[in-house]
Amino acid sequence: MCVMCRIATAFDLSQTLQRLTFAGMSLWYGLEKLLRFRDLLSTFPDPLGIGHPASLIAVVLAQVPCAALVLVGFQTRVACVPLIIAMAVAAFGVHQNDPPVMFRHALVFALGFLALAVGGPGRFSVDHAFGRSTSSDGAGVAMADK
């Protein structure tokens with residue numbers, strides 16, 4: 001196997017692992033919020049001043065359908081945007097005065113989804129299967145074909 005083939009495969013595996021980890025955990029947290037929706041309606045943080053219910057709905061919409069799309073690698077870059085926004089708001093708007101672990105947790109998620117938005121879903125994704133992936137893995141695959 002050529003060196004560029006190994007690099008492309010390693011990149012694709014790392015993108016897949018990153019996608020499964022961040023999206024899977026975000027989906028888990030979103031489903032927890034969805035299951036406790038009624039309990040959270042009046043107490044969920046409202047850092048943007050849009051109301052507790054609207055804030056909760058926005059986060060659940062980011063963490064459930066968007067995370068599910070990222071998980072399978074469908075419309076990955078677009079689906080990462082609401083997740084990046086939600087986690088950035090959580091880090092800088094909700095948890096900025098909390099213990100550092102809460103701030104860092106949200107920040108790590110925001111940066112993880114930002115890296116996916118920049119790097120793309122990788123070869124092992126629905127986007128790639130339908131020829132819609134524009135991640136840098138195309139360069140590695142093209143070089144491997146030479």
Residue under evaluation Phe74, criteria (1) closer than 16 Å to Arg19 by Cα; (2) assigned to a helix (DSSP H, G or I); (3) of a type in the set (A, V, I, L, M, F, W, C), criterion not met: (2)
Answer from Ser55, Ser26 - the residue that is at pLDDT 95 or above and in contact with an Asp or Glu (Cβ under 6 Å, 6 or more places away or on another chain): Ser55
Meets criteria (in contact (Cβ under 8 Å) with a residue 40 or more places away in the chain, at negative phi, out of contact with any Pro (no Cβ under 7 Å at 6 or more places or on another chain) and among the acidic types (Asp, Glu)) for Asp46: no
Any hit, region 40-49, residues being among the aliphatic types (A, V, I, L, M) and under 19 Å from the mean Cα position of the chain (by Cα): no
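Among the candidates Gly112, Gly93, Gly122, which residue alone is of a type outside the set (Asp, Glu) and either surrounded by fewer than 14 Cβ atoms within 10 Å (Cβ to Cβ) or on the phi > 0 side of the Ramachandran plot (or both)? Break it down into steps so the answer makes sense when it comes.
Details: Gly112 fails: either surrounded by fewer than 14 Cβ atoms within 10 Å (Cβ to Cβ) or on the phi > 0 side of the Ramachandran plot (or both); Gly93 fails: either surrounded by fewer than 14 Cβ atoms within 10 Å (Cβ to Cβ) or on the phi > 0 side of the Ramachandran plot (or both).
Checking each option against the conditions leaves just Gly122.
The values are calculated or read from the model by the stated rules, or taken from the named source; none is laboratory data. Predicted model only: the values in this text are computed from it and were never measured. Quick reminder, even Gly has a Cβ in these numbers, built from the backbone with ideal geometry, and neighbours come from all protein chains shown.
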